[in-house]
Amino acid sequence: MTATIIDGKAVAEGIRSEIAWSVEQMKAAHGIVPGLATVLVGDNPASHSYVRMKRKACAEAGIESLPHELPGDASQEEVEELVRRLNGDPRVHGILVQLPLPKHLDEERVLSLISLYKDVDGFHPVNIGRLAMKGRKPLFIPCTPHGAIVLLEEAGAQFEGANAVVLGRSNIVGLPAALLLIHRNATVTVCHSRTKDLPAVCRSADILIAAVGRAEMVKADWVKPGAYVIDVGSNRVDDPTSEKGYRWVGDVAFDEVKEVAGAITPSPGGVGPMTIAMLLKNTLRGAELALSGAY
Ligand code: NDP
């Protein structure tokens, strides 16, 4: 069997054009331009590159991006003061604090200061708490796991009663992905570094989401024939044959797993583009919340 390749880039492009249209409508009808403030602390090159990509995507969708950069030795008070200012700025409908923050900063405190109504990453403890509780709804859902679920929906996965396995339990991917699957009535197993016999657990999955950060860890014999496999991983590996000397691979050994799975995302080109599309969607939602007088 050769799997259907789930084209995250194409799905994300569709979502981005819908957002651009809605942004245009909002401008025309209400004179409001959705605004995303980005907060970057320090000079981590990967973080700079992620923020650049997000700002470019905003520009393409007609969303205003308001960049804020602080030096790597910025104090907790300086970062908190900036977040408070952005909370009160009517041009800002979403606040994105690029993680990881430098080690001396209290990340949890910074994230919990972001207004619930501008928490476009969905990392505020109250939003995550609501996601975890039955019958409650967060204002925003974290972008990467939400993007992964949308790809499963697009590919026609049946969630109800399915065995779903999430590889990884991080606050930003694994845990919220598991909660989103529970909402859709899947039976969910969450794996982590202490899980015993990982291949066997993964083989039980009708839906497998890999978010571990280990290059090509999931092999063909870890996968149930016909399973839906979503690869969140994004790992840089050395490759002397490539011009740059490296290439990006996922957590799933794509070439072999695609021969077993029913549907699979590539990485790159799967969940990554969806993360950005969902961020734009959340920013638009932030502007809609402001417009509706929610706060
Ligand atoms: P974290 O490092 O925060 O979490 C990794 C998780 O995997 C942890 O729960 C850890 O277990 C588990 N794990 C690590 N090694 C093993 C192992 N050998 N066996 C079983 N479990 C293991 O990573 P993130 O969740 O932030 O990211 C995961 C991947 O997704 C990375 O490749 C990252 O680059 C990518 N990513 C991609 C995004 C995108 O937009 N495409 C966005 C965010 C992340 P434990 O809890 O026990 O330590």
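The heavy atoms of Tyr246 offer some 60 square angstrom of accessible surface to a 1.4 angstrom probe. Packing, taken as the mean count of other beta carbons within 10 Å per residue, orders the peptides 203-209, 284-290 from highest to lowest as 203-209, 284-290. Please report the antiparallel percentage of DSSP beta bridges with both residues in the stretch 166-295, rounded to the nearest 5. Bridges in the stretch 166-295 are about 25 percent antiparallel. Close amide H partners of Val218, meaning residues 5 or more places away or on another chain with modelled amide H under 5 Å apart, are Val252, Ala253.
DSSP finds beta bridges in the chain, and of those with both partners inside it, around 10 percent are antiparallel. The string of couplings for the stretch 159-175 from the Karplus curve (6.51, -1.76, 1.60, θ = phi - 60°) is 8, 3, x, 6, 7, 10, 10, 10, 9, x, 10, 5, 5, 9, 10, x, 4 Hz, one whole number per residue in order, with x for Gly and Pro. The C-alpha atoms of the chain define a longest principal axis, and helix 45-61 lies at about 70 degrees to it.
Under the rule a/c < 1.5 gives rounded, and otherwise a/b versus b/c splits prolate from oblate, where does the stretch 205-295 land using the Cα gyration tensor? Because a/c hits 1.5 or more and a/b fails to exceed b/c, the stretch 205-295 counts as oblate. With 28 Å as the limit, the listed pairs Lys137/Lys281; Lys118/Lys244; Lys103/Lys196; Lys9/Lys196 have Lys118/Lys244; Lys103/Lys196; Lys9/Lys196 beyond it between alpha carbons. For the stretch 30-122, a simple Cβ point-charge model (Lys and Arg +1, Asp and Glu -1, everything else neutral) yields a dipole of about 380 debye relative to the Cα centre. Expressed as a whole percent, the proportion of Cα-Cα pairs in the chain lying more than 34 Å apart is 22%.
Each peptide in 214-227, 187-200 was scored by the mean count of other Cβ atoms within 10 Å over its residues; highest first, the order is 214-227, 187-200. Once Rh is set to the Kirkwood radius over Cα pairs, what Stokes-Einstein translational diffusion coefficient, in µm²/s, holds for the stretch 1-150 at a temperature of 10 °C and a viscosity of 1.306 mPa s? Approximately 94 µm²/s, per Stokes-Einstein.
Positive contributions from Lys and Arg (+1) and negative ones from Asp and Glu (-1), summed over other residues with Cβ under 14 Å from the Cβ of Asp238, come out at 0. Arg109 contributes about 110 Å² of solvent-accessible surface, heavy atoms of the protein only, 1.4 Å probe. Averaging the Cα positions of each part gives two centres, and for the stretch 237-295 and the stretch 44-65 these lie 15 Å apart. A cut-off under 13 angstrom between Cβ atoms defines the neighbours of Ala211, and their net charge, with Lys, Arg +1 and Asp, Glu -1, is 0. The share of Cα pairs per 10 Å bin across the stretch 143-272, counted from zero up to the longest distance, runs 14, 48, 30, 6, 1 percent. Could you work out how far helix 143-154 tilts from the main Cα principal axis of the chain, as a 0 to 90 degree angle to the nearest 10? Helix 143-154 and the main axis of the chain meet at about 50 degrees. Sequence-distant contacts, meaning Cα pairs under 8 Å at least 6 residues apart, place the relative contact order of the stretch 149-227 at 34 percent.
Mean separation of Cα pairs under 8 Å and 6 or more residues apart, divided by the residue count, gives the chain a relative contact order of 22 percent. Quick note on the stretch 102-174: its Rg to Rh ratio, both from C-alpha atoms and Rh being the Kirkwood radius, is 1.03. Measuring r between the beta carbons of Glu259 and Glu80 and using R0 = 35 Å, the FRET efficiency lands at 0.10.
When the inverse distances between all different Cα atoms of the stretch 29-74 are averaged and flipped, the Kirkwood radius reads 11.5 angstrom. Net charge of the neighbourhood of Ser112, taken over other residues with C-beta under 11 Å away and scored Lys/Arg +1, Asp/Glu -1, is -4.
For the chain, the 222 nm mean residue ellipticity estimated from helices alone, with every DSSP H stretch of n ≥ 4 adding -39500 (n - 2.57) and the total spread over all residues, rounds to -12500 deg cm²/dmol. Charges were assigned to the Cβ only: +1 to each Lys and Arg, -1 to each Asp and Glu. The resulting dipole of the stretch 230-281 about its Cα centre is roughly 320 debye.
The values are calculated or read from the model by the stated rules, or taken from the named source; none is laboratory data. Keep in mind it's a predicted model, so treat the numbers as computed, not measured. So basically every Cβ, Gly included, is an ideal-geometry build from the backbone, and we count neighbours across all protein chains shown. Quick note on the areas: whole protein, heavy atoms, side chains included, nothing else; ligands and nucleic acids left out. Shrake-Rupley method; radii C 1.70, N 1.55, O 1.52, S 1.80 Å.
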